[in-house]
1. Of 10/82; 18/54; 10/35, which sit over 18 Å apart, Cα to Cα?
2. Sort 38, 94 so the one with the fewest other Cβ atoms within 10 Å of its own Cβ comes first.
3. Run the numbers on the stretch 1-98 and let me know its relative contact order in percent, using alpha-carbon pairs under 8 Å that are six or more apart.
Amino acid sequence: MRKRKTYSYKDDLLEDLKDVDYAAAYLSTALSDSKEVFLLALRDVAEAQKGISKLAVEAQVNRENLYRMLSERGNPRLDTLKAVLHGVGLRIEFQPERLDAF
C-alpha cells in the first residue's frame, strides 16, 4: 500500500509566499486587519522567502528577537521592520487614502 503525500494549508501558503507579489498582497491584507495579524503574516513571509535564521543574519537581528518581534505581541522598531522587509525583497510604501464621494 502506498502512502499518499498530504500537504497542509501552511505548506501551500509558504509555497505561494515565495512569490514576492503574492507576499506583498498578503501583507497588505494582513495589515488592514490588525498589527498582530500583520506581524504573524510577516513571519510567514520570512519563513517562505529565506527562513528566520538566514533573515535574522541579513537583517542584523538576533534570531530569538526576530521570532519575538514577529509574534502577536511583537512591537518592532521601524528600522528593524524596514530591515526585515528589505530582507524579503519588500519595502514600505504609502498611498493616499481616497474617499470617493460616489
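Every number in this text was worked out from the coordinates using simple rules, so none of it is lab data. Just so it is clear, the structure is predicted and the values come from calculations on it, not from any experiment. Here the Cβ is made from the backbone with ideal geometry for all residues, glycine too, and neighbour counts use every protein chain on show.
1. Working: 10/82 25 Å; 18/54 15 Å; 10/35 20 Å.
Flagged as over cut-off: 10/82; 10/35.
2. Details: 38 20, 94 5.
Ordered by Cβ neighbours within 10 Å, fewest first: 94, 38.
3. On the way: 82 pairs, mean separation 24.5, N = 98.
Relative contact order for the stretch 1-98 comes out at 25 percent.
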